[in-house]
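Chemist: Before I ask anything, here is the structure I am working with.
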Amino acid sequence: MKRDFEIKVTGKSKGEWIFHKGFRETVNYLSDHKRILAFNPFCRKVEVFDNDNNIYKWHFRVTDPQNNPFDIFFFIEETQELMVALPEEYEDMDPDDIPEEVIHDSTVGRKIIWRHHPRGKKIDDPKKYAFEGKVFAEMHVQPHKKAQTRVDFDLKVNVWFTLYPAFRIIPEKVIRKMTNAGMSFIMQTSTNRMFRSISKDFAKIQPV
């Protein structure tokens, strides 16, 4: 194990849901970081970090086994990609030359992408239990049935922690496996809870 006892923890969560709302309304809703993360039990604050480049700052807080609060900060850049299935005669055409009505009629979904936004100085203050993590996520949003939209969610989070002396007697492989499993459990639980809570703003959300 490294002398500074820093360890990388990776958590993952996935889910598939049917939103009982239209496609465009669902895309707009899921693009609102403040609104959807307000339902996450570990999120304390979301703020716009760079409005021109669609970059957000998330502040999460969790507690460790000794009940110490850990503050984890994420800097997220959101981009979106239109998913289209063009008629054969338009497939080789320059996108700028394709009529808007053709693109509209050929739209089969939209991909909402969250990526870590690298900054100058990384937040890393073990004495104050403050760390910076990285988020990578994709939401595939697709029209389903009339007034219904399917959302496939895939999220990965990386955080680097400095371990307590009490954990240093445990082999690094063992503690990494334990912390990764614990992180994924927390993330999957909070993701499920977040999407269930979102249903308050929709007629209904159901898992696939």
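Chemist: Being modelled with pLDDT of 85 or more, loosely packed, with under 15 Cβ neighbours inside 10 Å, out of contact with any Leu (no Cβ under 7 Å at 6 or more places or on another chain) and among the aliphatic types (A, V, I, L, M): is that true of VAL108 here?
Modeler: Here the answer is yes, as VAL108 does meet what is asked.
Chemist: Filter region 68-90 down to residues that are among the aromatic types (Phe, Trp, Tyr) and under 30 Å from THR179 (Cα atoms) and give me whichever is modelled with the lowest pLDDT.
Modeler: Among those residues, the one meeting the criterion is PHE70.
Chemist: Let me ask another. For PRO65, state whether it is within 17 Å of the chain's Cα centre (by Cα) and modelled with pLDDT under 90.
Modeler: no
Chemist: Among residues belonging to region 61-105 that are within 21 Å of ASN28 (Cα to Cα) and among the aliphatic types (A, V, I, L, M), point out the one that is surrounded by the most Cβ atoms within 10 Å (Cβ to Cβ).
Modeler: Step by step, filter region 61-105, then rank; the result is ILE76.
Chemist: One residue is enough: does region 50-60 have a residue meeting the conditions outside any strand (DSSP E or B), surrounded by 13 or more Cβ atoms within 10 Å (Cβ to Cβ) and either of a type in the set (S, T, N, Q) or in contact (Cβ under 8 Å) with a residue 60 or more places away in the chain (or both)?
Modeler: yes
Chemist: Now for a different question. Can you find, within region 168-199, the residue that is nearest to LYS34 (Cα to Cα) among those that are modelled with pLDDT under 80 and of a type in the set (Lys, Arg)?
Modeler: The residue in question is ARG176.
Chemist: Please tell me if ASP71 is free of Cβ contacts under 8 Å to residues at least 24 places away in the same chain and of a type in the set (Asp, Glu).
Modeler: no
Chemist: For residues that are of a type in the set (A, V, I, L, M, F, W, C) and assigned to a helix (DSSP H, G or I), scanning just region 180-208, find the one that is nearest to ASN28 (Cα to Cα).
Modeler: For region 180-208, the residue satisfying everything is ILE198.
Chemist: Something else: Return a yes/no flag: does region 98-114 have any residue that is farther than 21 Å from GLY22 by Cβ and touching a strand residue (DSSP E or B) at 6+ places or on another chain (Cβ under 8 Å).
Modeler: Checked against the condition, which is being farther than 21 Å from GLY22 by Cβ and touching a strand residue (DSSP E or B) at 6+ places or on another chain (Cβ under 8 Å), region 98-114 yields at least one hit.
The values are calculated or read from the model by the stated rules, or taken from the named source; none is laboratory data. Model, not experiment: these values are computed from the prediction. We place every Cβ from the backbone using ideal geometry, glycine too, and count neighbours over all the protein chains shown.
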